[in-house]
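Worksheet for the structure shown next.
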There are 2 protein chains.
Amino acid sequence: MSSSPAQRERRDRMLKAAMKLAAEGGYDAVQMREVADDAGVALGTLYRYFPSKVHLLVAALSSRFEQAEAITERRPILGDTAHERVMKILAGTTVSLQKQPQLTEAMVRAFMFADASVLGEIEQVGDRLTRMIARAIAGSPDHGEATEEEAAIIRVIADVWMSALVAWANGRSGASEVEKSIDVAVRLLLPD
Amino acid sequence: MSSSPAQRERRDRMLKAAMKLAAEGGYDAVQMREVADDAGVALGTLYRYFPSKVHLLVAALSSRFEQAEAITERRPILGDTAHERVMKILAGTTVSLQKQPQLTEAMVRAFMFADASVLGEIEQVGDRLTRMIARAIAGSPDHGEATEEEAAIIRVIADVWMSALVAWANGRSGASEVEKSIDVAVRLLLPD
DNA sequence: CCAAATAATAGAACCTGTTACAACTTTTGG
DNA sequence: CCAAAAGTTGTAACAGGTTCTATTATTTGG
(Lines give C-alpha, C1' and ligand atoms only; values in the text may rest on other atoms or scores of the structure.)
Protein backbone atom coordinates (compact mmCIF):
# COMPACT_ATOMS: atom_id res chain seq x y z
CA MET A 1 0.00 0.00 0.00
CA SER A 2 2.69 2.51 0.93
CA SER A 3 4.94 3.59 -1.88
CA SER A 4 8.54 2.62 -2.37
CA PRO A 5 11.26 5.16 -3.08
CA ALA A 6 11.28 4.04 -6.70
CA GLN A 7 7.59 4.82 -6.88
CA ARG A 8 8.00 8.23 -5.34
CA GLU A 9 10.66 8.99 -7.90
CA ARG A 10 8.46 7.80 -10.72
CA ARG A 11 5.63 9.96 -9.50
CA ASP A 12 7.95 12.93 -9.30
CA ARG A 13 9.25 12.36 -12.79
CA MET A 14 5.72 12.24 -14.16
CA LEU A 15 4.68 15.39 -12.36
CA LYS A 16 7.85 17.13 -13.44
CA ALA A 17 7.42 16.09 -17.06
CA ALA A 18 3.83 17.32 -17.03
CA MET A 19 4.84 20.65 -15.55
CA LYS A 20 7.61 21.08 -18.07
CA LEU A 21 5.28 20.47 -20.99
CA ALA A 22 2.65 22.71 -19.43
CA ALA A 23 5.17 25.48 -18.86
CA GLU A 24 6.10 25.36 -22.53
CA GLY A 25 2.73 25.05 -24.19
CA GLY A 26 -0.09 25.18 -21.67
CA TYR A 27 -2.93 22.75 -21.17
CA ASP A 28 -3.03 21.40 -24.72
CA ALA A 29 0.67 20.71 -24.79
CA VAL A 30 0.36 18.32 -21.90
CA GLN A 31 -0.19 15.16 -23.89
CA MET A 32 -0.39 12.00 -21.91
CA ARG A 33 1.78 9.94 -24.29
CA GLU A 34 4.44 12.59 -24.20
CA VAL A 35 4.32 12.97 -20.44
CA ALA A 36 4.82 9.23 -20.14
CA ASP A 37 7.68 9.26 -22.63
CA ASP A 38 9.42 12.20 -21.03
CA ALA A 39 9.06 10.66 -17.61
CA GLY A 40 10.39 7.37 -18.91
CA VAL A 41 7.37 5.29 -17.97
CA ALA A 42 4.71 3.43 -19.88
CA LEU A 43 1.42 5.09 -20.61
CA GLY A 44 -0.35 2.57 -18.43
CA THR A 45 1.86 3.47 -15.52
CA LEU A 46 1.08 7.15 -15.89
CA TYR A 47 -2.60 6.27 -15.73
CA ARG A 48 -2.05 4.06 -12.71
CA TYR A 49 -0.66 7.04 -10.82
CA PHE A 50 -2.95 9.69 -12.25
CA PRO A 51 -6.31 8.43 -13.48
CA SER A 52 -6.70 11.30 -15.92
CA LYS A 53 -5.01 14.35 -17.34
CA VAL A 54 -7.03 16.49 -14.97
CA HIS A 55 -5.93 14.47 -11.95
CA LEU A 56 -2.36 14.92 -13.10
CA LEU A 57 -2.58 18.67 -13.48
CA VAL A 58 -4.52 19.21 -10.29
CA ALA A 59 -1.88 17.16 -8.49
CA ALA A 60 0.67 19.49 -10.03
CA LEU A 61 -1.22 22.48 -8.69
CA SER A 62 -1.37 20.86 -5.30
CA SER A 63 2.38 20.34 -5.28
CA ARG A 64 2.84 23.97 -6.31
CA PHE A 65 0.68 25.09 -3.40
CA GLU A 66 2.58 22.77 -1.13
CA GLN A 67 5.67 24.85 -1.82
CA ALA A 68 3.83 28.07 -1.25
CA GLU A 69 2.41 26.73 1.98
CA ALA A 70 5.81 25.57 3.17
CA ILE A 71 7.12 29.10 2.83
CA THR A 72 4.34 30.51 4.96
CA GLU A 73 4.98 27.85 7.55
CA ARG A 74 8.59 28.67 8.12
CA ARG A 75 8.25 32.12 9.59
CA PRO A 76 5.52 34.43 10.81
CA ILE A 77 4.04 36.51 8.04
CA LEU A 78 4.98 40.18 8.15
CA GLY A 79 2.40 42.91 8.15
CA ASP A 80 0.52 44.90 10.75
CA THR A 81 -3.01 44.01 9.72
CA ALA A 82 -4.72 40.86 8.51
CA HIS A 83 -5.36 42.68 5.26
CA GLU A 84 -1.69 43.37 4.72
CA ARG A 85 -0.65 39.87 5.62
CA VAL A 86 -3.20 38.16 3.40
CA MET A 87 -2.29 40.41 0.51
CA LYS A 88 1.37 39.68 1.03
CA ILE A 89 0.77 35.95 0.76
CA LEU A 90 -1.71 35.99 -2.08
CA ALA A 91 -0.04 38.68 -4.13
CA GLY A 92 3.29 36.96 -3.64
CA THR A 93 1.96 33.62 -4.75
CA THR A 94 0.18 35.25 -7.66
CA VAL A 95 3.35 36.89 -8.89
CA SER A 96 5.17 33.62 -8.60
CA LEU A 97 2.48 31.81 -10.59
CA GLN A 98 2.48 34.49 -13.23
CA LYS A 99 6.12 33.86 -13.96
CA GLN A 100 5.03 30.70 -15.72
CA PRO A 101 1.84 31.77 -17.42
CA GLN A 102 1.32 28.64 -19.47
CA LEU A 103 1.90 26.34 -16.54
CA THR A 104 -0.53 28.31 -14.45
CA GLU A 105 -3.07 28.30 -17.24
CA ALA A 106 -2.84 24.53 -17.50
CA MET A 107 -3.16 23.89 -13.78
CA VAL A 108 -5.90 26.41 -13.14
CA ARG A 109 -8.00 25.26 -16.06
CA ALA A 110 -7.66 21.66 -14.99
CA PHE A 111 -8.69 22.62 -11.48
CA MET A 112 -11.80 24.39 -12.65
CA PHE A 113 -12.69 21.69 -15.14
CA ALA A 114 -12.34 18.90 -12.63
CA ASP A 115 -15.42 16.85 -11.94
CA ALA A 116 -16.48 14.81 -8.92
CA SER A 117 -13.91 12.09 -9.57
CA VAL A 118 -11.11 14.49 -8.70
CA LEU A 119 -12.59 15.39 -5.34
CA GLY A 120 -9.62 14.21 -3.31
CA GLU A 121 -7.05 16.28 -5.15
CA ILE A 122 -9.35 19.28 -5.25
CA GLU A 123 -9.90 19.23 -1.54
CA GLN A 124 -6.18 18.97 -1.00
CA VAL A 125 -5.71 22.15 -2.98
CA GLY A 126 -8.56 23.83 -1.14
CA ASP A 127 -7.20 22.82 2.24
CA ARG A 128 -3.75 24.14 1.47
CA LEU A 129 -5.18 27.41 0.32
CA THR A 130 -7.40 27.64 3.38
CA ARG A 131 -4.51 27.02 5.75
CA MET A 132 -2.35 29.61 4.04
CA ILE A 133 -4.99 32.28 4.28
CA ALA A 134 -5.89 31.34 7.83
CA ARG A 135 -2.26 31.68 8.87
CA ALA A 136 -1.99 35.02 7.16
CA ILE A 137 -5.06 36.26 9.00
CA ALA A 138 -3.79 34.98 12.31
CA GLY A 139 -0.34 36.33 11.59
CA SER A 140 1.49 33.35 12.99
CA PRO A 141 2.32 29.87 11.79
CA ASP A 142 0.19 28.17 14.43
CA HIS A 143 -3.39 27.88 13.38
CA GLY A 144 -5.80 29.00 16.02
CA GLU A 145 -9.20 27.45 15.30
CA ALA A 146 -11.09 29.55 12.81
CA THR A 147 -14.60 30.59 13.70
CA GLU A 148 -17.40 29.65 11.36
CA GLU A 149 -17.51 33.23 10.13
CA GLU A 150 -13.79 33.26 9.53
CA ALA A 151 -14.05 30.02 7.61
CA ALA A 152 -16.71 31.52 5.38
CA ILE A 153 -14.57 34.60 4.79
CA ILE A 154 -11.60 32.47 3.93
CA ARG A 155 -13.65 30.52 1.45
CA VAL A 156 -14.78 33.72 -0.21
CA ILE A 157 -11.24 35.02 -0.48
CA ALA A 158 -10.07 31.73 -1.95
CA ASP A 159 -12.92 31.77 -4.47
CA VAL A 160 -12.12 35.28 -5.54
CA TRP A 161 -8.48 34.47 -5.94
CA MET A 162 -9.06 31.37 -8.02
CA SER A 163 -11.59 33.18 -10.21
CA ALA A 164 -9.19 36.03 -10.71
CA LEU A 165 -6.52 33.56 -11.74
CA VAL A 166 -8.91 31.99 -14.22
CA ALA A 167 -9.68 35.38 -15.71
CA TRP A 168 -5.99 36.11 -15.95
CA ALA A 169 -5.15 32.70 -17.36
CA ASN A 170 -7.53 33.08 -20.26
CA GLY A 171 -6.59 36.61 -21.07
CA ARG A 172 -9.69 38.34 -19.77
CA SER A 173 -7.73 40.42 -17.33
CA GLY A 174 -4.20 41.57 -16.66
CA ALA A 175 -1.95 41.03 -13.69
CA SER A 176 -2.94 44.28 -12.08
CA GLU A 177 -6.62 43.42 -12.20
CA VAL A 178 -5.96 40.18 -10.38
CA GLU A 179 -4.33 42.08 -7.57
CA LYS A 180 -7.09 44.65 -7.60
CA SER A 181 -9.78 42.01 -7.27
CA ILE A 182 -8.12 40.34 -4.35
CA ASP A 183 -7.40 43.63 -2.71
CA VAL A 184 -10.99 44.76 -2.87
CA ALA A 185 -12.24 41.47 -1.52
CA VAL A 186 -9.73 41.33 1.28
CA ARG A 187 -10.10 44.95 2.25
CA LEU A 188 -13.85 44.69 2.54
CA LEU A 189 -13.91 41.25 4.11
CA LEU A 190 -11.14 41.93 6.60
CA PRO A 191 -11.44 45.55 7.62
CA ASP A 192 -8.49 46.76 9.66
CA MET B 1 -23.00 38.97 -42.66
CA SER B 2 -26.31 39.27 -40.83
CA SER B 3 -28.16 36.04 -40.27
CA SER B 4 -31.33 34.96 -41.99
CA PRO B 5 -34.36 33.64 -40.09
CA ALA B 6 -33.45 30.13 -41.19
CA GLN B 7 -30.04 30.59 -39.66
CA ARG B 8 -31.42 31.87 -36.41
CA GLU B 9 -33.67 28.84 -36.24
CA ARG B 10 -30.79 26.51 -36.96
CA ARG B 11 -28.76 28.14 -34.24
CA ASP B 12 -31.65 27.78 -31.84
CA ARG B 13 -32.11 24.14 -32.69
CA MET B 14 -28.43 23.45 -32.06
CA LEU B 15 -28.44 25.26 -28.74
CA LYS B 16 -31.64 23.54 -27.72
CA ALA B 17 -30.31 20.12 -28.66
CA ALA B 18 -27.13 20.78 -26.70
CA MET B 19 -29.08 21.86 -23.66
CA LYS B 20 -31.35 18.85 -23.84
CA LEU B 21 -28.42 16.46 -23.95
CA ALA B 22 -26.68 18.38 -21.18
CA ALA B 23 -29.79 18.33 -19.03
CA GLU B 24 -29.95 14.55 -19.36
CA GLY B 25 -26.32 13.59 -18.95
CA GLY B 26 -24.15 16.58 -18.19
CA TYR B 27 -21.00 17.71 -19.95
CA ASP B 28 -19.94 14.30 -21.24
CA ALA B 29 -23.33 13.57 -22.72
CA VAL B 30 -23.07 16.58 -24.98
CA GLN B 31 -21.49 14.88 -27.96
CA MET B 32 -21.02 17.01 -31.00
CA ARG B 33 -22.18 14.35 -33.48
CA GLU B 34 -25.33 13.82 -31.47
CA VAL B 35 -26.02 17.52 -31.06
CA ALA B 36 -25.78 17.88 -34.81
CA ASP B 37 -28.05 14.90 -35.41
CA ASP B 38 -30.65 16.01 -32.90
CA ALA B 39 -30.64 19.50 -34.31
CA GLY B 40 -30.98 18.11 -37.81
CA VAL B 41 -27.83 19.71 -39.17
CA ALA B 42 -24.52 18.40 -40.43
CA LEU B 43 -21.57 18.23 -38.10
CA GLY B 44 -19.77 20.81 -40.19
CA THR B 45 -22.66 23.20 -39.79
CA LEU B 46 -22.58 22.84 -36.04
CA TYR B 47 -18.91 23.74 -36.12
CA ARG B 48 -19.57 26.68 -38.40
CA TYR B 49 -21.88 28.14 -35.77
CA PHE B 50 -19.96 27.06 -32.69
CA PRO B 51 -16.23 26.56 -33.18
CA SER B 52 -16.00 24.11 -30.29
CA LYS B 53 -17.99 22.26 -27.69
CA VAL B 54 -16.96 24.86 -25.15
CA HIS B 55 -18.18 27.70 -27.35
CA LEU B 56 -21.47 25.88 -27.70
CA LEU B 57 -21.97 25.39 -23.98
CA VAL B 58 -20.86 28.86 -23.02
CA ALA B 59 -23.30 30.22 -25.58
CA ALA B 60 -25.95 28.11 -23.87
CA LEU B 61 -25.00 29.64 -20.53
CA SER B 62 -25.19 33.07 -22.06
CA SER B 63 -28.68 32.39 -23.37
CA ARG B 64 -29.70 31.13 -19.94
CA PHE B 65 -28.42 34.33 -18.35
CA GLU B 66 -30.21 36.30 -21.01
CA GLN B 67 -33.47 34.94 -19.65
CA ALA B 68 -32.49 35.69 -16.09
CA GLU B 69 -31.49 39.19 -17.08
CA ALA B 70 -34.74 39.77 -18.93
CA ILE B 71 -36.65 39.02 -15.77
CA THR B 72 -34.70 41.56 -13.78
CA GLU B 73 -35.27 44.11 -16.50
CA ARG B 74 -39.01 43.94 -16.45
CA ARG B 75 -39.71 45.27 -12.99
CA PRO B 76 -37.82 46.88 -10.14
CA ILE B 77 -36.26 44.34 -7.81
CA LEU B 78 -37.96 44.09 -4.44
CA GLY B 79 -36.06 44.44 -1.22
CA ASP B 80 -35.17 47.26 1.14
CA THR B 81 -31.41 46.96 1.03
CA ALA B 82 -28.87 46.26 -1.69
CA HIS B 83 -27.99 43.12 0.20
CA GLU B 84 -31.56 41.84 0.08
CA ARG B 85 -31.99 42.70 -3.56
CA VAL B 86 -28.76 41.10 -4.70
CA MET B 87 -29.54 37.98 -2.71
CA LYS B 88 -33.00 37.83 -4.20
CA ILE B 89 -31.60 37.86 -7.71
CA LEU B 90 -28.67 35.55 -7.17
CA ALA B 91 -30.44 33.07 -4.92
CA GLY B 92 -33.36 33.01 -7.30
CA THR B 93 -31.17 32.35 -10.30
CA THR B 94 -29.24 29.75 -8.34
CA VAL B 95 -32.39 27.86 -7.43
CA SER B 96 -33.51 27.96 -11.02
CA LEU B 97 -30.15 26.62 -12.20
CA GLN B 98 -30.21 23.89 -9.61
CA LYS B 99 -33.42 22.52 -11.02
CA GLN B 100 -31.36 21.17 -13.90
CA PRO B 101 -28.20 20.06 -12.17
CA GLN B 102 -26.65 18.30 -15.13
CA LEU B 103 -27.29 21.17 -17.48
CA THR B 104 -25.77 23.58 -15.01
CA GLU B 105 -22.79 21.33 -14.48
CA ALA B 106 -22.18 21.22 -18.21
CA MET B 107 -22.46 24.95 -18.75
CA VAL B 108 -20.49 25.98 -15.71
CA ARG B 109 -17.67 23.57 -16.39
CA ALA B 110 -17.46 24.74 -19.97
CA PHE B 111 -17.35 28.33 -18.80
CA MET B 112 -14.51 27.68 -16.40
CA PHE B 113 -12.61 25.54 -18.87
CA ALA B 114 -12.87 28.06 -21.66
CA ASP B 115 -9.64 29.45 -23.02
CA ALA B 116 -8.79 32.71 -24.75
CA SER B 117 -10.53 31.70 -27.98
CA VAL B 118 -13.89 31.90 -26.21
CA LEU B 119 -13.34 35.43 -25.01
CA GLY B 120 -16.33 36.90 -26.79
CA GLU B 121 -18.87 34.52 -25.32
CA ILE B 122 -17.26 34.70 -21.91
CA GLU B 123 -17.46 38.45 -21.80
CA GLN B 124 -21.06 38.28 -22.85
CA VAL B 125 -21.78 36.09 -19.85
CA GLY B 126 -19.77 38.37 -17.59
CA ASP B 127 -21.53 41.47 -18.84
CA ARG B 128 -24.96 39.99 -18.30
CA LEU B 129 -24.04 38.98 -14.81
CA THR B 130 -22.56 42.39 -14.10
CA ARG B 131 -25.66 44.19 -15.30
CA MET B 132 -27.94 41.98 -13.23
CA ILE B 133 -25.99 42.58 -10.06
CA ALA B 134 -25.65 46.28 -10.77
CA ARG B 135 -29.40 46.59 -11.18
CA ALA B 136 -30.01 44.69 -7.98
CA ILE B 137 -27.69 47.02 -6.12
CA ALA B 138 -29.30 50.10 -7.60
CA GLY B 139 -32.74 48.65 -7.04
CA SER B 140 -34.16 49.86 -10.31
CA PRO B 141 -33.99 48.70 -13.92
CA ASP B 142 -32.12 51.76 -15.10
CA HIS B 143 -28.41 51.45 -14.61
CA GLY B 144 -26.83 54.46 -13.05
CA GLU B 145 -23.13 54.41 -13.85
CA ALA B 146 -21.28 52.25 -11.39
CA THR B 147 -18.31 53.74 -9.66
CA GLU B 148 -14.97 52.01 -9.98
CA GLU B 149 -15.35 50.67 -6.47
CA GLU B 150 -18.81 49.37 -7.23
CA ALA B 151 -17.54 47.70 -10.34
CA ALA B 152 -14.86 45.94 -8.33
CA ILE B 153 -17.40 44.81 -5.77
CA ILE B 154 -19.65 43.49 -8.48
CA ARG B 155 -16.79 41.54 -9.97
CA VAL B 156 -16.03 39.98 -6.61
CA ILE B 157 -19.65 38.99 -6.08
CA ALA B 158 -19.80 37.46 -9.53
CA ASP B 159 -16.58 35.55 -8.89
CA VAL B 160 -17.87 34.17 -5.63
CA TRP B 161 -21.10 33.13 -7.23
CA MET B 162 -19.46 31.35 -10.14
CA SER B 163 -17.01 29.61 -7.82
CA ALA B 164 -19.83 28.49 -5.59
CA LEU B 165 -21.65 27.10 -8.60
CA VAL B 166 -18.53 25.22 -9.63
CA ALA B 167 -18.21 23.72 -6.17
CA TRP B 168 -21.84 22.75 -6.25
CA ALA B 169 -21.66 21.40 -9.79
CA ASN B 170 -18.89 18.99 -8.95
CA GLY B 171 -20.37 17.82 -5.71
CA ARG B 172 -18.03 19.58 -3.33
CA SER B 173 -20.83 21.49 -1.69
CA GLY B 174 -24.58 21.42 -1.36
CA ALA B 175 -27.23 23.92 -2.33
CA SER B 176 -27.29 25.53 1.08
CA GLU B 177 -23.57 26.17 1.03
CA VAL B 178 -23.86 27.98 -2.26
CA GLU B 179 -26.37 30.34 -0.73
CA LYS B 180 -24.26 30.69 2.38
CA SER B 181 -21.18 31.64 0.39
CA ILE B 182 -22.97 34.29 -1.58
CA ASP B 183 -24.68 35.62 1.50
CA VAL B 184 -21.42 36.06 3.37
CA ALA B 185 -19.82 37.80 0.45
CA VAL B 186 -22.75 40.08 -0.21
CA ARG B 187 -23.32 40.91 3.42
CA LEU B 188 -19.72 41.92 3.95
CA LEU B 189 -19.29 43.66 0.62
CA LEU B 190 -22.57 45.54 0.72
CA PRO B 191 -23.22 46.42 4.33
CA ASP B 192 -26.70 47.79 4.88
C1' DC C 1 -33.30 35.68 -63.91
C1' DC C 2 -28.22 34.24 -63.69
C1' DA C 3 -23.55 33.67 -62.11
C1' DA C 4 -20.68 34.04 -58.17
C1' DA C 5 -20.38 33.68 -53.43
C1' DT C 6 -21.83 31.63 -49.36
C1' DA C 7 -23.88 27.91 -46.61
C1' DA C 8 -25.05 23.20 -45.72
C1' DT C 9 -24.38 18.16 -46.23
C1' DA C 10 -22.42 13.52 -45.77
C1' DG C 11 -18.74 11.17 -44.74
C1' DA C 12 -14.05 10.06 -44.06
C1' DA C 13 -9.95 11.07 -41.65
C1' DC C 14 -7.10 12.73 -37.81
C1' DC C 15 -5.71 13.57 -33.08
C1' DT C 16 -5.37 12.72 -28.37
C1' DG C 17 -7.42 11.03 -23.96
C1' DT C 18 -8.52 6.64 -22.25
C1' DT C 19 -8.94 1.61 -21.93
C1' DA C 20 -7.53 -3.21 -22.63
C1' DC C 21 -4.38 -6.80 -22.63
C1' DA C 22 -0.60 -10.05 -22.76
C1' DA C 23 4.14 -10.49 -21.42
C1' DC C 24 7.61 -9.33 -18.18
C1' DT C 25 9.69 -7.56 -13.62
C1' DT C 26 9.69 -6.39 -8.93
C1' DT C 27 8.01 -6.80 -4.38
C1' DT C 28 6.24 -9.34 -0.60
C1' DG C 29 4.90 -12.94 2.69
C1' DG C 30 6.20 -17.32 4.30
C1' DC D 1 14.67 -18.98 -1.68
C1' DC D 2 9.98 -19.48 -3.88
C1' DA D 3 5.34 -18.71 -5.29
C1' DA D 4 1.77 -15.34 -5.36
C1' DA D 5 0.64 -10.66 -5.73
C1' DA D 6 1.36 -6.22 -7.35
C1' DG D 7 3.55 -3.15 -10.53
C1' DT D 8 5.46 -2.05 -15.15
C1' DT D 9 5.82 -2.32 -20.09
C1' DG D 10 4.54 -1.97 -24.96
C1' DT D 11 1.15 -1.94 -28.06
C1' DA D 12 -3.24 -2.04 -30.00
C1' DA D 13 -7.86 -0.50 -29.95
C1' DC D 14 -11.62 2.64 -28.87
C1' DA D 15 -14.06 7.16 -28.27
C1' DG D 16 -15.29 11.56 -29.11
C1' DG D 17 -13.71 16.38 -30.47
C1' DT D 18 -12.11 18.46 -34.51
C1' DT D 19 -10.74 19.00 -39.40
C1' DC D 20 -11.13 18.24 -44.35
C1' DT D 21 -13.24 17.52 -48.77
C1' DA D 22 -16.19 16.82 -52.54
C1' DT D 23 -20.83 17.75 -53.55
C1' DT D 24 -25.16 19.93 -53.37
C1' DA D 25 -28.34 23.70 -51.91
C1' DT D 26 -29.22 28.53 -51.03
C1' DT D 27 -28.50 33.34 -51.01
C1' DT D 28 -27.14 37.58 -53.13
C1' DG D 29 -25.60 41.30 -56.27
C1' DG D 30 -26.14 42.78 -60.92
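Overview of values
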quantity	calculated
Lone qualifier among B:Val118, B:Val160 - being among the hydrophobic types (A, V, I, L, M, F, W, C) and closer than 23 Å to B:Asp28 by Cα	B:Val118
Top-ranked residue in the range B:14-42 [being closer than 30 Å to B:Ile133 by Cβ and within 14 Å of chain A (Cβ to nearest Cβ); ranked as nearest to DNA strand C (Cβ to nearest atom)]	B:Tyr27
Helices (runs of 4 or more DSSP H) fully within the range A:57-156 counting 3 or more residues that are away from chain B (no Cβ under 14 Å)	A:82-98, A:119-138
Criterion violated by B:Ser181 - all others in (1) at the interface with another protein chain (Cβ under 7 Å from one of its Cβ atoms); (2) part of a helix (DSSP H, G or I); (3) surrounded by fewer than 20 Cβ atoms within 10 Å (Cβ to Cβ) satisfied	(3)
Filter pass, B:Val186 being over 19 Å from B:Leu61 (Cα atoms), part of a helix (DSSP H, G or I), modelled with pLDDT of 95 or more and more than 7 Å from chain A (Cβ to nearest Cβ)	yes
Subset of the range B:13-42 [surrounded by 15 or more Cβ atoms within 10 Å (Cβ to Cβ) and part of a loop (DSSP other than H, G, I, E, B)]	B:Val30, B:Val41
Subset of the range A:157-178 that is more than 17 Å from A:Val95 (Cβ to Cβ) and surrounded by fewer than 22 Cβ atoms within 10 Å (Cβ to Cβ) - its residue that is farthest from the other protein chains (Cβ to nearest Cβ)	A:Ala158
Within the range A:43-56, considering residues that are assigned to a helix (DSSP H, G or I) and more than 14 Å from chain B (Cβ to nearest Cβ), the one farthest from DNA strand C (Cβ to nearest atom)	A:Tyr49
Close pairs (9 angstrom Cβ cut-off, 6 or more residues apart or separate chains): closer than 10 Å to B:Arg109 by Cβ and modelled with pLDDT of 95 or more in the range B:26-40, near DNA strand D (Cβ under 8 Å from one of its atoms) and in a helix (DSSP H, G or I) anywhere	B:Tyr27/B:Lys53
Matching option when the condition is at pLDDT 95 or above, over 28 Å from A:Asp115 (Cα atoms), under 19 Å from the mean Cα position of the chain (by Cα) and more than 16 Å from DNA strand C (Cβ to nearest atom), among B:Arg64, B:Arg74, B:Arg85, B:Arg11	B:Arg85
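The values are calculated or read from the model by the stated rules, or taken from the named source; none is laboratory data. Worth saying up front: this structure is predicted, and the values here are computed from it rather than measured. Virtual Cβ from ideal backbone geometry, glycine too; neighbours counted across all protein chains shown.
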